[in-house]
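The values are calculated or read from the model by the stated rules, or taken from the named source; none is laboratory data. Values in this document were obtained by computation on a predicted structure and should not be read as measured data. As a convention, Cβ positions derive from the backbone with ideal geometry for all residues, glycine included, and neighbour counts pool all protein chains shown. Accessible surface areas use protein heavy atoms only, side chains included; no ligands, DNA or RNA. Shrake-Rupley method; radii C 1.70, N 1.55, O 1.52, S 1.80 Å.
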Amino acid sequence: MSASTRTAGARAPSTGLRGRNYARKYWPFVVPAGLVVFAVIVFPWLFTLYMSVHEWKVSGETNFVGLANYLRLPNDERFLWSVVRTLYFTVLSVAFPVALGVAAAVCFHRNFPLRGLARTIFILPMMATPVAIALVWTMMFHPQAGVLNYLLTSVGLPPSMWSYASDTVIPTLVLVETWQWTPLVMLIVLGGLASLPTDPFEAARIDGASAWDMFRHLTVPLVWPHIIVATVIRTIDALKAFDLIFVISGGGPGTSSETINLYLYQTAFAFYNMGYAAAMTVVFFIIILLVSLVLFTTRQQEKWQ
Amino acid sequence: MKGHQVRRLFGRIGFFLAVFALVSPAILVFLWMLSLSLKNEVDNMSFVPVFIPNPPTLNNFVEVFEKNDFLNYTYNSIIVSFGATGLALLLGVPAGFGIAKAKAHRVAALIMIARVTPGLSYLIPLFLLFQWIGLTGSLAPLVITHLVITVPIVVWVMIGFFEGLPSELEEAALVDGASIWQAFYHIAMPLARPGIVVAMILAFIFSWNNFIFGVVLAGRSTRTLPVAVYNVISFEQVSWGPLAAAALLVTAPVLLLTLLMQKEIVAGLTAGGVKGG
């Protein structure tokens with residue numbers, strides 16, 4: 001931690017002449033938090049790497065096995081399927097919230113009576129305790145006694161098995177994920193909209209541009225960086241989604257909704273296969289990092305804000 | 001002219017319908033949760049749903065408290081969330097100040113990586129570690145692992161706030177002979193109080209909501225509320241009324257906090273897209 005503080009302090013451009021010594025004065029403020037971050041965040045990363053090249057017995061014995069845990073992964077069909085399911089779940093759980101979130105942001109950017117209250121209600125799903133809402137959705141999905149099938153049949157549509165059948169379970173989980181996380185996309189894009197200059201919009205309006213044209217040729221290009229940030233955040237969160245899937249389907253029926261995270265949980269805490277789980281964690285983390293890097297590079301200038 | 005007005009009227013109606021369509025899924029799910037928690041089992045299981053409880057009953061809530069150790073779980077959740085939030089503020093507010101002043105952007109980036117990492121990857125090593133040093137069975141492992149969520153949130157929000165503060169006052173104090181510590185404690189920190197409130201609320205909510213750490217690390221008596229609702233109540237009682245009542249009780253504090261502090265929460269969330277776990 002202090003090493004990275006040092007390099008960062010040295011290269012900090014705007015501290016100018018005050019330079020290295022100036023930055024160093026502020027170390028004591030960072031050190032206590034740095035130690036804790038090391039203990040609960042950096043140390044587990046290192047320990048996971050160490051574990052991934054060992055075999056861990058329930059008795060506590062460990063054997064060095066080299067890359068054996070990693071080599072098991074490409075031959076583990078259950079793991080490969082979990083990767084496919086994770087990607088399927090992620091693509092849908094990014095596309096829907098981002099599309100809806102942008103639309104919602106455009107709505108909430110306009111002034112209307114009770115806007116504050118409407119916005120607060122809109123963000124309640126993302127603040128609510130995931131386990132609690134997952135349980136309520138599970139009750140709503142129940143094929144016989146659930147309210148959703150009643151609503152479907154009462155408007156003449158066929159009932160669905162929702163999370164209780166293997167071919168509908170992932171779209172069902174995406175529905176809940178969309179319900180819960182569209183607000184986060186909305187907030188990020190709304191922040192972007194609030195920072196836009198008003199002149200181009202005035203000019204377009206005077207020139208007689210339609211609302212749709214203004215949205216397509218002005219709003220979207222101007223808030224594009226925010227949309228990208230929201231997409232990256234959404235992608236990361238969807239890749240590591242756990243609570244909703246765990247409570248609603250538990251990875252089932254069978255293993256039909258078992259994502260990497262769910263399989264990882266099973267491997268570590270149901271089969272107690274710690275070394276293999278650690279290797280899986282490392283690969284999972286690399287997948288997340290790669291996906292977020294690919295998305296980040298599509299953004300022109302990188303800015304930590 | 002008249003056609004123009006009609007079009008505007010339709011535009012308006014369309015806009016309000018859109019807002020209604022956006023808000024209603026959120027409202028309906030929470031109202032259904034409330035409805036389930038206030039009805040008896042016969043009404044909850046009937047195929048033609050009873051939307052408005054008639055007459056409403058509080059029996060489900062009574063049952064939650066009578067049949068389970070709900071008060072104990074509430075106590076656990078309070079200790080863990082307040083503990084982890086308090087410690088995170090103690091550590092994270094000075095750290096945010098230090099990072100903002102030293103412009104240590106790489107440290108900030110490191111904290112962002114913590115947000116990217118899946119919660120389970122902390123749990124596997126920490127689980128073994130806690131077993132090894134014999135901490136399992138107390139609330140300490142939960143408070144410690146919740147720091148994984150709360151410290152990055154606090155540091156992240158505070159960096160933003162301290163960077164936004166004018167530095168003139170502080171520099172004047174330093175010129176007048178105050179130490180950095182005094183400048184931080186007497187000048188920067190009072191100015192950043194709104195930021196501290198934002199950081200505190202967000203850290204508390206995401207710690208309260210956390211499920212994955214508790215589900216792995218908590219023992220029978222150290223379960224936090226989300227874990228208890230999942231483990232105990234959903235398995236030992238299949239009936240929906242008490243389950244909905246328990247779910248409502250768990251999430252009610254968070255919903256109330258969101259309604260009361262919506263400005264602070266929106267400010268904090270837009271700043272960094274923070275989310276724990």
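Brief remarks on what is shown
- Note on surface exposure: B:Glu163, A:Glu55 rank B:Glu163, A:Glu55 by accessible area, highest first, 1.4 Å probe.
- The heavy atoms of A:His54 offer some 20 square angstrom of accessible surface to a 1.4 angstrom probe.
- Exposure check, 1.4 Å probe, all protein chains in place: A:His109 carries approximately 90 Å² of accessible surface.
- Largest to smallest accessible area among A:Trp81, B:Trp132, A:Trp56 [probe 1.4 Å]: B:Trp132, A:Trp81, A:Trp56
- With DNA, RNA and ligands ignored, accessible area of A:Thr153 (1.4 Å probe; Å², nearest 10): 50 Å²
- Average partner coverage of B:21-32, which counts Cβ from other chains inside 10 Å: 6
- Distance (nanometres) between label positions extended 7 Å along Cα→Cβ at B:Met45 and A:Phe271: 3.7 nm
- For the pair segment A:18-90 / segment A:100-174, the C-alpha centres are spaced 35 Å from each other.
- Fully extended contour minus Cα-Cα distance, from A:Leu49 to A:Ser195, at 0.36 nm per residue: 48.3 nm
- Once Rg and the Kirkwood radius are both taken over the C-alpha atoms of segment B:35-146, their ratio Rg/Rh works out to 1.19.
- Most fluctuating residue given options A:Glu258, A:Glu177, A:Glu61, as computed from a GNM of chain A linking Cα atoms under 10 Å: A:Glu61
- Most mobile of A:Val84, A:Val31, A:Val106 in a GNM of chain A (Cα contacts under 10 Å): A:Val31
- Peptide B:41-47 is shielded by partner chain Cβ atoms: per residue, an average of 2 of them sit within 10 Å of its Cβ.
- Kyte-Doolittle mean at least -1.0, axial Cα span of 15 Å or more - DSSP H helices of chain B: B:2-37, B:70-102, B:105-116, B:119-133, B:140-164, B:193-209, B:240-260, B:262-272
- Rounded FRET efficiency, nearest 0.05, which uses the C-beta distance separating B:Ala252 from B:Ile133 and R0 of 35 Å: 0.45
- Relative contact order, whole percent, for chain B stands at 30, derived from Cα pairs under 8 Å and 6 or more residues apart.
- Distance between segment B:156-206 and segment B:1-45 - C-alpha centres, whole angstrom: 42 Å
- Qualifying chymotrypsin sites (Phe, Trp or Tyr not before Pro) in segment B:38-67, DSSP loop, other Cβ atoms within 10 Å at most 16: B:Phe47, B:Phe51
- Peptide packing: for B:107-117, B:193-203, the average count of neighbouring Cβ atoms within 10 Å per residue gives the ranking B:193-203, B:107-117, highest mean first.
- With a 1.4 Å probe rolled over the protein heavy atoms of all chains, the accessible area of A:Leu295, A:Leu187 falls in the order A:Leu295, A:Leu187, largest first.
- Projecting label points 7 angstrom from Cα along Cα→Cβ for B:Ser239 and B:Phe82 puts them 3.3 nm apart.
- Taking a point 7 Å from the Cα of A:Val42 along the Cα-to-Cβ direction, the residues of segment B:90-111 with backbone N closer than 14 Å to it are B:106-111.
- Pairwise label distance in nanometres, A:Trp81 with B:Phe15, each label 7 Å out on the Cα-Cβ vector: 5.1 nm
- Within 10 Å of each Cβ in B:239-245, the average number of Cβ atoms from other chains: 2
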